[in-house]
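**Q** Supplied in structure tokens, the structure appears directly below.
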Amino acid sequence: MCGIVGYIDFKSKSTENYLFEMNNSMLHRGPDTHGSFFDTYNSIKIALGHRRLSIIELTELGNQPMTYKNYTITFNGEIYNYQELKIQLQKTGHKFISNSDTEVLLQGFEEWGPSMLDKLIGMFAFAIYDSEHKELFLFRDRAGVKPLYYYYHNDVFLFSSELKSFHKHPSFVKELNMDAVSLFFQYGYIPQPHCVFKNANKLESGHYLKINIANRQFEKKCYWNVANCYTMPLFNYSFTEALERTEEILKSAFEYRMVSDVPVGVFLSGGYDSSILTAMLQLSQTNKLNTFTIGFEDSRYNEAKYAKDIATYLGTNHTEYYCTNKEAKEIIPKLSQIYDEPFADSSAIPTILVSQLARKSVTVALSADAGDEIFAGYNKYENALRNLKTLEYLPPNIRNASSKILNRFSVCLNPKNNLRHKIDAASKVIASNNNASLMLKLMSQRLGSSAIEKLFCNYKPNELCTGFDYIFNSDTIDLLSRLQCVDYKTYLVDDILMKVDRATMSVSLEGREPFLDHRIIEFVSRLPVSYKLNGSVKKYLLKEIAYKYIPKELLDRPKKGFAIPISDWFRNDLNEMLICQLDSLEIKNQGIFDTTFINDKMNQYLKGNDQTWEFIWFMYCFQSWYKKWMEN
């Protein structure tokens, strides 16, 4: 796991020191070594930088940027099947001097070009510079486990694993993308490909960007799209056959994530996903697996006891730590440094804490994310399907009339009323033909369009296209698959994976995501819906596999999620911190938001209205980020 940076300066004004400063801003991503590469073409300056966290091939032979013939690479991630690819390349005459997956990736590109991506099992974001053809390629893995940003303005192109390095280049202009800010207040994160800054973007998952430096042509291509998995014909497997095949793929994916030259551990919550991951790996290991859990004083949020029961049953080398509220609260002021784009998932706090715990013993930690998206574990799927099924029985004329009635009622309500957003959402769904995607989009929104318009001062945001707007070309795709697909393209990549990447890397810990092996989604997406959501039983297939390894009574319990009582904290001992960040005079001087709208929400929250808390927290996160990255 590492941090990568680079630039193409068509004005030839960038210095080597600019790259060093950009590189050093990500010391946390790679504390072991650093490197740089420079080239010049017709007065155009090209630079690649790298910060290394040594995981595979710990010697200097694994240092980057790495050059082979006319190709130079800076790589963040892991290629788990690199040994198999190495054998294939050796059969065609390639020779290697290291045991590094980076060297395999580099020579694989010479042999196969971008089609190499189809062969990779891994997580990655990397850049390859071709000095002969004067081309720069940026690649991002299929699911978007590893982040990659790029910026192009005034003849300077920058790229990096994190936005914070852009601030170290003098050509970077800190100008807000107000439409993206609007997205943040709708979802609590900014969906790909959008970015909080103008002229900056996230490279979308499953895409690569090719830059012809000589003629300044930019070409972006999608090489993998999860939606294509769901448009393939369903497999004709019985449930037993599907269970056996899924179990085989899971075992392969999980064992690949143990490839490492440094100690590896697992984040264990005691839920189905992390428990089955731990169980399968422990059976395949001769030594005890290292597992880690954070516990909380508040029993409403504490899952440590369940994780301990699982660990005891499986016989892992388990470490649990009960953190105090004080320790958790101390993370909050650090969030804007760790997450250098506005980000409001408060479960980042316990994720950072468990990362700190794991880093004391291991350098790599496996996180069992994506089980809900792949195997249909969210309650919202069941709710959405029930609501949509009801709508199917309504004739078009009844739906249109109902939508108009709701619209008239909504107009009579105060835009600040939380009920108005719900009514607006219901009206849109009733009137829409693309029900599934729209349903999930509106269910995911935290602030409705009418409230968004009231929030901003003298600005009406434009609606940007995101993964929520994805429309299947085929009418044969079932509703559940549409919901899962949209989540995979939005919430999973830009909330969950963003959260885990920044949290783990903030303490120089490599986070790996076994469930995001592309072979899993490519198989499970083509199974019948009833294998995933069977009546009211969510994750049906995965649960049946889990019961083969762990007694049912240890697993079947109410799901709490990775949450903390942050709303209570801000009403009590963190109240002063909240009031400081949401100072009306400062917000007014920014000229972005309407202070009357914010003060009204603030007063409701302080009087005990929990429905306004989510907005208050979003506002706190934005203001904290703004002061860190816009004013400083």
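No value in this document is a laboratory result; all are computed from the given coordinates. Note that the structure is a prediction, hence the values are computed from the model and not measured. For neighbour counting, all protein chains shown are included, and Cβ atoms are generated from backbone atoms with ideal geometry for every residue, glycine included.
**Q** So what is the 222 nm mean residue ellipticity for the chain from helices alone, if each DSSP H run of at least 4 adds -39500 (n - 2.57) and you divide by all residues, rounding to the nearest 500 deg cm²/dmol? Write out the running numbers ahead of the final one.
**A** Working: 27 runs with 260 residues, N = 632.
For the chain, the value works out to -12000 deg cm²/dmol.
**Q** Out of residues 5 or more away from H318 or on other chains, whose amide H comes under 5 Å of its own, with H placed 1.01 Å from N in the peptide plane?
**A** Distant-sequence amide H within range of H318: T291.
**Q** Take each complete run of DSSP H in the chain, measure how far its Cα atoms stretch along the helix's own axis, and keep only those covering 24 Å or more with mean Kyte-Doolittle hydropathy at least -1.0; list them.
**A** Both cut-offs are met by 239-256.
**Q** Can you tell me how much longer the chain between L58 and E327 gets when fully stretched, taken as 0.36 nm per residue apart minus their C-alpha distance, in nm with one decimal? Please list the in-between numbers first.
**A** Working: separation 269, 0.36 × 269 = 96.84 nm, distance 3.36 nm.
Difference between extended and current length: 93.5 nm.
**Q** Restricting the count to DSSP beta bridges whose residues both fall in the chain, what percent are antiparallel, rounded to a multiple of 5?
**A** 80
**Q** Using only Cα atoms, locate the centre of segment 34-76 and the centre of segment 276-290, then give the distance between them in Å, rounded to an integer.
**A** 35
**Q** If we count every other residue with Cβ under 9 angstrom of P461's Cβ, Lys/Arg +1 and Asp/Glu -1, where does the sum land?
**A** Every neighbour counted, the sum reads -2.
**Q** To the nearest 20 Debye, how big is the dipole of segment 566-631 about its Cα centre, given +1 on the beta carbon of each Lys and Arg and -1 on that of each Asp and Glu? If you can, show how the numbers build up before the last one.
**A** Values: 6 positive and 10 negative charges, 20 e Å.
Dipole magnitude for segment 566-631 comes out near 100 debye.
**Q** Would you list which aspartates and glutamates come within 20 Å of K334, measuring only between C-alpha atoms, while excluding same-chain residues fewer than 8 positions from it?
**A** E162, D345, D494, D495, D501, E510, D568, D573, E576, D583, E614, E631
**Q** For segment 2-224, what does the relative contact order come out to in percent, with C-alpha contacts under 8 Å and a separation of six or more?
**A** 19
**Q** Would you mind checking K198/K220; K210/K489; K119/K532; K380/K489; K164/K198 for any pair whose Cα atoms are more than 24 angstrom apart?
**A** Long pairs (Cα-Cα over 24 Å): K119/K532.
**Q** Here's something else I'd like to know. Once you keep just the Cα pairs under 8 angstrom separated by 6 or more residues, what percentage relative contact order results for the chain?
**A** Across the chain, relative contact order equals 15 percent.
**Q** Please compute the length gained on full extension between C580 and M232, using 0.36 nm multiplied by the number of residues separating them and subtracting their Cα-Cα distance. Before the final figure, lay out each step's value.
**A** Details: separation 348, 0.36 × 348 = 125.28 nm, distance 5.30 nm.
Result: 120.0 nm gained on full extension.
**Q** While we're looking at this one, here's another question. Sorted by packing (mean other beta-carbon atoms within 10 Å per residue), highest first, where do 101-114, 325-338, 263-276 land?
**A** Put in order of decreasing packing, that is 263-276, 101-114, 325-338.
**Q** Between I477 and W112, what is the label-point separation in nm under the 7 Å Cα-to-beta-carbon projection?
**A** Taking the two extended label points, one gets 2.6 nm.
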